[in-house]
Amino acid sequence: GLNTCDTIPIVCLLIGGGIGSISLVLTKIYQGIPILIFKGTGHAPDLISGTCEDFADRHDNLSDNHLRTAITMRIAEKFPKESKDDSTRNKIKDNLLQIIKYSNTQENGNLLTFIDATSSNSDLHELDKYILISLIQNQPSNGQLQSQEILKRNLMLILDCNHPEIALSEIFQSEGSD
C-alpha cells in the first residue's frame, strides 16, 4: 500500500458554484480532501462560509435552533427559488450541517480554508501559497511515526514548490507550540 509520503497531494478550490457545489464539497470532505473556499465568488462559497461563521458564533453547537434558523435564512437568501421546496431546502441544510460536522475532526484535520476574494488583503497572485498552506494545515496528526512521515512529506512539498518561508511559518512555528 501507499504510505503518507507516496500519496499525491490534492486540494479542491471552490470558486463560485450552485447547489451541486455544496454536495461536492461534502463529498470531498468525506474523502479527507482539503478545500479552499473563495468567499465573495458565488452563492455556494458564501453560503458555506456564512454557515461556518454562524456555527462559530453559536459556540460550535450543531443542535442550536438559532443556527438552523440562520442556515435556513441564508439558503433562502442565496437560493430563493430552490428554498421554496421543503425537500430541496432541507437537503441543502443537511449538507451544510454535515460539512460543519466533518470538516474539522481529529481524523481529518481542518479541511476548510476560507479566502475572502473581495478583500484587498487577499493576494490571489499568491494562490500557490494558499494551496500549499492548506495542504500542510489540513492533515490529521495520529501517532509519532506517521507524524514524522507527514513532516518529511511537508518539507519535500515546500521545497518542491520553492516556498521555504512556509516551513518556518507553518511547520517549525507549530512544532514549537506543541
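The values are calculated or read from the model by the stated rules, or taken from the named source; none is laboratory data. Computed from a predicted structure; not experimentally measured. Note that we place each Cβ from the backbone using ideal geometry, even for glycine, and neighbour counts take in every protein chain shown. Ligands, DNA and RNA are excluded from the accessible area calculation, which covers all protein heavy atoms including side chains. Shrake-Rupley method; radii C 1.70, N 1.55, O 1.52, S 1.80 Å.
Below is a table of values for the structure above.
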{"quantity": "Per residue solvent-accessible surface (Å²) - segment 1-112, probe of 1.4 Å", "calculated": "53 Å²"}
{"quantity": "Relative contact order %, segment 9-137, counting alpha carbon pairs below 8 Å whose residues are six or more apart", "calculated": "32 percent"}
{"quantity": "Packing-based ranking, highest mean first, of 13-20, 44-51, 158-165, 93-100 given that Cβ atoms within 10 Å are counted", "calculated": "44-51, 93-100, 13-20, 158-165"}
{"quantity": "Anchor LYS91: lysines whose Cα lies under 20 Å away (excluding residues fewer than 8 positions away in-chain)", "calculated": "LYS28, LYS78, LYS81, LYS101"}
{"quantity": "Amide hydrogen neighbours beyond the local backbone of ASN110, cut-off 5 Å, H modeled", "calculated": "GLN139"}
{"quantity": "Backbone HN-Hα couplings from phi across segment 62-69 [Karplus 6.51/-1.76/1.60, Hz, Gly and Pro as x]", "calculated": "5, 8, 5, 5, 5, 4, 4, 5"}
{"quantity": "Amide hydrogen neighbours beyond the local backbone of LEU14, cut-off 5 Å, H modeled", "calculated": "LEU36, ILE37, PHE38"}
